[in-house]
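Below you'll find the structure, written out as structure tokens, and then a few comments.
The values are calculated or read from the model by the stated rules, or taken from the named source; none is laboratory data. As the structure is a computational prediction, the values presented were derived from the model and not from experiment. Cβ sites come from the backbone with ideal geometry, for glycine too, and all protein chains shown count toward neighbours. SASA here: full protein model, heavy atoms, side chains in, ligands and nucleic acids out. Shrake-Rupley method; radii C 1.70, N 1.55, O 1.52, S 1.80 Å.
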Amino acid sequence: LRLVLQRASPRVAILATRGMATEKQIFNQIQSTKNLSKITSSMKMVSAAKLKGDENRLARAVPFNGWTSELGGAPKLVEGATFDELPQKVLIVPFTSDKGLCGGVNSYITRAVRNCIKKLQAQGKDADIVLIGDKGRAQLRRFHPEKIVRSATDVVTPGTYALASGLASELIASGAASDYDAVVIIYNSFVNAATYNQMYKVVTPFVTMSETEESLSGYEFDGDKAEAMEDLYEYMLASQVFHSFMDSAASEQSSRMTAMENASKNANEMVDSLTLKYNRARQSRITTELIEIISGASALDG
């Protein structure tokens, strides 16, 4: 009988140890997932608060930028666009974010840029890129590194018109007014907390000396018209950049809020699944221990 007990006891200890290790591992997974759920829930609330501020700033930027539609045309949807109206050489300015965990806002923009370049090349046209945001730079560097002229990362948020003016000055320094026929701004346009669209704007330099056409020919200017048109073009470009920056910021926060909400929901579902798995492992261990105890008692009685 003593020999039977000696043989049974190590087996019970091994099974118990294995069972406890499995349960402990599952328990740690449950606790880690709960902590992740708390983090994502907090990030969702932070994004919701930031989204409110971005919506207010966007509401002020829309009327501020309204006059540019009369000179440069209204923004157009990227989806289904052929880009036939673009001139021979353009400078593409995609607006992406510096931070991740915001859904597909950056992927949609980089995909739109790649699609635009592909269609322009098929039409025999040329394009370069000035990137706004680190995420867009990381993605487009893999596909079109030779076309990236400049990039602006670690952009201060929330954006201001002074920041937009600085970005516009960088575009002018990149040859936006002299080396390119137009600037194409690709950005996410905020619709509501659950929806945003990819849009593009075409900002064309004003023509001042041409035999066939001349911009704003019906207006009289005090002083040099060419210089006034240069200043007006830079101001229009800064205004378009400012509006696009505000629109992209609101879209980013809405997408991040939705992404964190989905992450929290998935984490809670995983906690439920792991809890069920934990209870089954615990029940199996207890059942195994009871069987071993009963077997040992039966051996003693025998």
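Would you pick out the residues in the stretch 152-181 that are polar (S, T, N, Q), under 25 Å from Gly100 (Cα atoms) and open to solvent by 50 Å² or more (accessible area, probe 1.4 Å)? First the steps, then the outcome.
Step one: of the stretch 152-181, the residues polar (S, T, N, Q) are 153, 157, 160, 165, 169, 174, 178.
Next, only the ones that are under 25 Å from Gly100 (Cα atoms) stay: 153, 157, 160.
Scanning the stretch 152-181 gives Thr157, Thr160.
Among the residues of the stretch 46-77, which ones are in contact with a strand residue (DSSP E or B) (Cβ under 9 Å, 6 or more places away or on another chain) and open to solvent by 80 Å² or more (accessible area, probe 1.4 Å)?
Lys76, Leu77
Which residue is modelled with the lowest pLDDT, if the candidates are limited to the stretch 43-90 and must be in a helix (DSSP H, G or I) and small (Gly, Ala, Ser)?
Taking the stretch 43-90 first, the residues in a helix (DSSP H, G or I) are 43-64, 68-72.
Now restrict to residues that are small (Gly, Ala, Ser): 47-49, 53, 59, 61, 69, 72.
Working: Ser47: 93, Ala48: 92, Ala49: 93, Gly53: 93, Ala59: 94, Ala61: 93, Ser69: 86, Gly72: 81.
Result: Gly72.
For the condition under 22 Å from the mean Cα position of the chain (by Cα) and either closer than 22 Å to Asn65 by Cα or not small (Gly, Ala, Ser) (or both), what is the one hit in Val130, Val183? Can you show your working first?
Working: Val183 fails: under 22 Å from the mean Cα position of the chain (by Cα).
Step by step, each of Val130, Val183 is checked, and only Val130 is under 22 Å from the mean Cα position of the chain (by Cα) and either closer than 22 Å to Asn65 by Cα or not small (Gly, Ala, Ser) (or both).
Within the bounds of the stretch 240-253, is there any residue that is open to solvent by 50 Å² or more (accessible area, probe 1.4 Å) and not acidic (Asp, Glu)? It would help to see each step written out before you state the result.
From the stretch 240-253, those open to solvent by 50 Å² or more (accessible area, probe 1.4 Å) are none; that's our starting set.
The answer is no; no qualifying residue exists.
Of everything in the stretch 88-137, what is over 15 Å from Val149 (Cβ atoms) and among the acidic types (Asp, Glu)? Give them in sequence order.
Asp98, Asp134, listed by residue number.
If Ala267 satisfies every condition in (1) farther than 21 Å from Ser97 by Cβ; (2) at pLDDT 90 or above; (3) open to solvent by 50 Å² or more (accessible area, probe 1.4 Å) but one, which is the exception?
Among (1) farther than 21 Å from Ser97 by Cβ; (2) at pLDDT 90 or above; (3) open to solvent by 50 Å² or more (accessible area, probe 1.4 Å), the lone unmet condition for Ala267 is (3).
Can you tell me which of Arg280, Arg256, Arg285 is in a helix (DSSP H, G or I), surrounded by 17 or more Cβ atoms within 10 Å (Cβ to Cβ), at pLDDT below 90 and not polar (S, T, N, Q)?
Numbers: Arg280 fails: surrounded by 17 or more Cβ atoms within 10 Å (Cβ to Cβ); Arg256 fails: at pLDDT below 90.
Going through Arg280, Arg256, Arg285 in turn, the sole match is Arg285.
Out of the residues in the stretch 80-96 that are in contact (Cβ under 8 Å) with a residue 40 or more places away in the chain and of a type outside the set (A, V, I, L, M), state the one that is surrounded by the most Cβ atoms within 10 Å (Cβ to Cβ). Let's see the steps before the verdict.
We begin by selecting, within the stretch 80-96, every residue in contact (Cβ under 8 Å) with a residue 40 or more places away in the chain; these are 81, 83, 85-96.
Then keep just the ones that are of a type outside the set (A, V, I, L, M); that gives 83, 85, 87-89, 94-96.
Working: Phe83: 21, Glu85: 10, Pro87: 13, Gln88: 13, Lys89: 15, Pro94: 28, Phe95: 25, Thr96: 30.
So, considering only residues that are in contact (Cβ under 8 Å) with a residue 40 or more places away in the chain and of a type outside the set (A, V, I, L, M), the one surrounded by the most Cβ atoms within 10 Å (Cβ to Cβ) is Thr96.
Out of all the residues in the stretch 195-207, is one or more surrounded by fewer than 21 Cβ atoms within 10 Å (Cβ to Cβ), out of contact with any strand residue (DSSP E or B) (no Cβ under 9 Å at 6 or more places or on another chain) and modelled with pLDDT of 90 or more?
Taking every residue of the stretch 195-207 in turn, at least one turns out to be surrounded by fewer than 21 Cβ atoms within 10 Å (Cβ to Cβ), out of contact with any strand residue (DSSP E or B) (no Cβ under 9 Å at 6 or more places or on another chain) and modelled with pLDDT of 90 or more.
Among (1) within 18 Å of the chain's Cα centre (by Cα); (2) of a type in the set (Lys, Arg); (3) surrounded by 12 or more Cβ atoms within 10 Å (Cβ to Cβ); (4) within 24 Å of Ser174 (Cβ to Cβ), which single condition is Lys99 missing?
Among (1) within 18 Å of the chain's Cα centre (by Cα); (2) of a type in the set (Lys, Arg); (3) surrounded by 12 or more Cβ atoms within 10 Å (Cβ to Cβ); (4) within 24 Å of Ser174 (Cβ to Cβ), the lone unmet condition for Lys99 is (4).
Identify, from the list Glu220, Glu230, Glu292, Glu252, the residue that is closer than 25 Å to Asn56 by Cα and out of contact with any His (no Cβ under 9 Å at 6 or more places or on another chain).
Values: Glu220 fails: closer than 25 Å to Asn56 by Cα; Glu230 fails: closer than 25 Å to Asn56 by Cα; Glu292 fails: closer than 25 Å to Asn56 by Cα.
Testing whether each residue is closer than 25 Å to Asn56 by Cα and out of contact with any His (no Cβ under 9 Å at 6 or more places or on another chain) leaves just Glu252.
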